[in-house]
Amino acid sequence: MTTCCRSLRHSKSVSSLVTRDEERDKVTLNVNPMTVEATTRTWFHPSKVYIITGGLGGFGLELSYWMVLRGAKKLVLTSRTGVRSAYQQLYLKRFRKFGKLIEDYKIDITVSTVNATTEEGAHKLIDEASGIAPVGVESRD
């Protein structure tokens, strides 16, 4: 059987496997192709801008970091109060450092204090983001 496994390792076809005659017992294995469902990794278009409401909160900052690791380069983070804590400043500083660590990976972060809870504010926020780049929309069914 070890000879058989070695043959398989160097073989280009895996459709069937037969042991050699010098082996004591002949074993035939028929291998059927198998389809496996896989989920593609989420990625974000680097030339689109993404709006994250509540973007300066704990979840918003973590989400924006996750998006940057997956290709997003332009983000609008909304907050009613703007940058106020050292934690928020640390995250924004981390984004600026990305451009220095990775060549051609400048992150454009805009902090907006537009109230996105009203229809007028939402339109204003989208207009603000559209002035940076086309707005990216991610949707999963």
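Restriction of the GluC sites (Glu not before Pro) in the range 34-141 to DSSP coil positions whose beta-carbon has at most 15 other beta-carbons within 10 angstrom yields 37, 103, 138. Shape of the range 60-139 from the C-alpha gyration tensor: oblate (a/c of 1.5 or more and a/b not above b/c, with a ≥ b ≥ c the square roots of its eigenvalues). Looking at the range 32-113, the trypsin sites (Lys or Arg not before Pro) that sit in a DSSP loop and have at most 16 other Cβ atoms within 10 Å of their own Cβ are 41, 70, 80, 84, 106.
Annotation: per residue accessible area for the range 42-136 equals 60 Å², rounded to a whole number [probe 1.4 Å, protein chains only]. Under the criterion of Cα pairs below 8 Å and six or more residues apart, the relative contact order for the range 42-136 equals 34 percent. Atom-type composition of the exposed protein surface of the range 42-136 places 54 percent of the accessible area on carbon and sulfur (1.4 angstrom probe).
The values are calculated or read from the model by the stated rules, or taken from the named source; none is laboratory data. If you're wondering where the values come from, they're calculated on a predicted model, not measured in any experiment. Here the Cβ is made from the backbone with ideal geometry for all residues, glycine too, and neighbour counts use every protein chain on show. Only protein heavy atoms, including side chains, enter the accessible area calculation; ligands, DNA and RNA are left aside. Shrake-Rupley method; radii C 1.70, N 1.55, O 1.52, S 1.80 Å.
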